[in-house]
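Reading through the structure tokens given below for one structure.
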Amino acid sequence: MRWDLPDFIQDVLPDEAVQLEELRRRLLDAFRAHGYRLVIPPLIEYLDALTTGAGQDLRLCTYQLVDQLSGRTMGVRADMTPQVTRIDSHLLNRAGVSRLCYCGSVLRTCPSSLTATREPLQLGAELYGHAGLEADIEVLRLLAEALRLAAVPLMRFDIGHVGLFHALADRAGLNEAAREEAFNLLQAKDISGLQALLANVEDRTAQEAILALPELYGGVEMLDVALARLPQMPQVGVALDELRRLAIELADLPLGFDLADLRGYHYHSGLVFAAYGGGAHAALAMGGRYDHVAENFGRARPATGFSLDLRELARGSLSKPAQLPGAILAPLEDDPALQGKITELRNAGETVAGMLPGHEATWKDVGCDRVLQKVDGCWTVVGLL
């Protein structure tokens, strides 16, 4: 009988598990050093709390079931960020800045790409309580540090601004359905489709500005082009000023700007970004500002942050786990001196595995390369033949 796993679901075997755990610990320790405190939300909770403020796309990604105790619809988390937002706004209830981090499995109904898993090991950091660009700069630098610690070569950060699109869509009078379609067309850079959608927009300035967005990508010099081509609106000016300041403050990082990149359109409210590197075609990490999500938990709270799949990050890493020494095999003997030696070795960081009868020729197969033997009356570690 074949014991198949569902499509896009994988086991994590020992060598990969060691790499993931080393990387998880390294990154969470770095986040803690920057003031981000670890939280562990539940794997499952009521569906409304899991998807509030995040739009229909997250709801479609979430597995749903009925709670046998309450009769209410529950969901298995597909993204931990709404949960962390709930913790900040509803449980911690702080007046000032709050920095939180997390790491855990999430489950999605569909993979994000043909090579992705439906069970990412999501790791992220969120900064709440500060609406200024300083917070966005901090989380971008923290993400860059995380990629450095993971030994993942960073190709570029792609930066966009959802606020720009919202301002232009408001001016064009687009309803929610038209915005949704415009979002999809912009992501695909489908100019002809966008032209057809906007054909009846009466405000020609707004129409031309939205049609210009797919062409507005490149380095910092593109921001001057955007300033000349987009209408002189307060929201547009603020967005371009934020992008320009970001370029100055993070001049040491490989930044690119794409004003048609609206990933997280339903969720984010301002700057959005994606990190590419490690040879992967898809983004290794994504994030941005989402100031309105906490309103759904009864408390408006500025927020910005990022998340990534630790499995994908590990695949892009140039660093592999240190080759640890094999285990030490301990005879199955009731000898207090032997038990004392085993305790001493384990306290020193060694792995000591107990011998079981009938497996004499198999211990090397399970990673034992040494054995405890009595030499001149003392238990001594020697090579396993």
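Restricting to segment 11-58, name every residue that is farther than 20 Å from residue 289 by Cα and touching a Ser or Thr at 6+ places or on another chain (Cβ under 6 Å). The one that is farther than 20 Å from residue 289 by Cα and touching a Ser or Thr at 6+ places or on another chain (Cβ under 6 Å): 47. Scan segment 354-369 residue by residue and report those that are of a type in the set (Lys, Arg) and closer than 15 Å to residue 332 by Cα. Matches in segment 354-369: none. For residue 345, the requirement of being in contact with a Pro (Cβ under 7 Å, 6 or more places away or on another chain), at pLDDT 95 or above, surrounded by 10 or more Cβ atoms within 10 Å (Cβ to Cβ) and on the phi < 0 side of the Ramachandran plot is not met. Every condition in (1) over 19 Å from residue 170 (Cβ atoms); (2) at pLDDT 90 or above holds for residue 229 except the one numbered (1). The set of residues from segment 362-385 being exposed (fewer than 14 other Cβ atoms within 10 Å of the Cβ) and closer than 23 Å to residue 15 by Cβ comprises 362, 364, 365, 366, 369, 383.
Yes/no per residue for (1) hydrophobic (A, V, I, L, M, F, W, C); (2) in a loop (DSSP other than H, G, I, E, B); (3) open to solvent by less than 40 Å² (accessible area, probe 1.4 Å):
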site: 226; (1), (2), (3): yes, no, yes
site: 235; (1), (2), (3): no, no, no
site: 244; (1), (2), (3): no, no, no
site: 251; (1), (2), (3): yes, yes, no
site: 256; (1), (2), (3): no, no, yes
site: 267; (1), (2), (3): no, yes, yes
site: 275; (1), (2), (3): yes, no, yes
site: 286; (1), (2), (3): yes, no, no
site: 296; (1), (2), (3): no, no, no
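Look at segment 277-306: where a residue is without any contact (Cβ under 8 Å) to a residue 40 or more places away in the chain and a partner is small (Gly, Ala, Ser) and outside any loop (DSSP other than H, G, I, E, B), sitting 6+ places away or on another chain with Cβ atoms under 9 Å, you get 286/274; 286/275; 286/307; 300/89; 300/294.
Is it fair to say residue 105 is open to solvent by 50 Å² or more (accessible area, probe 1.4 Å), farther than 30 Å from residue 241 by Cα and under 14 Å from the mean Cα position of the chain (by Cα)? Answer is no for this residue.
Take residue 326 and decide whether it is within 43 Å of the chain's Cα centre (by Cα), closer than 30 Å to residue 148 by Cα, surrounded by 15 or more Cβ atoms within 10 Å (Cβ to Cβ) and of a type outside the set (A, V, I, L, M, F, W, C).
Working: within 43 Å of the chain's Cα centre (by Cα): yes; closer than 30 Å to residue 148 by Cα: yes; surrounded by 15 or more Cβ atoms within 10 Å (Cβ to Cβ): yes; of a type outside the set (A, V, I, L, M, F, W, C): yes.
It is true that residue 326 is within 43 Å of the chain's Cα centre (by Cα), closer than 30 Å to residue 148 by Cα, surrounded by 15 or more Cβ atoms within 10 Å (Cβ to Cβ) and of a type outside the set (A, V, I, L, M, F, W, C).
Taken over segment 179-198, the criterion of being without any contact (Cβ under 8 Å) to a residue 60 or more places away in the chain, surrounded by 14 or more Cβ atoms within 10 Å (Cβ to Cβ) and not in a helix (DSSP H, G or I) is satisfied by 190, 198. Scanning segment 199-221 for residues that are surrounded by 19 or more Cβ atoms within 10 Å (Cβ to Cβ) and of a type in the set (Gly, Ala, Ser) turns up 206, 209.
The values are calculated or read from the model by the stated rules, or taken from the named source; none is laboratory data. Values in this document were obtained by computation on a predicted structure and should not be read as measured data. Don't worry about glycine lacking a Cβ; one is built from the backbone with ideal geometry, like all the others, and counts go over all protein chains shown. Surface areas here come from the heavy atoms of the whole protein model, side chains and all, with no ligands, DNA or RNA. Shrake-Rupley method; radii C 1.70, N 1.55, O 1.52, S 1.80 Å.
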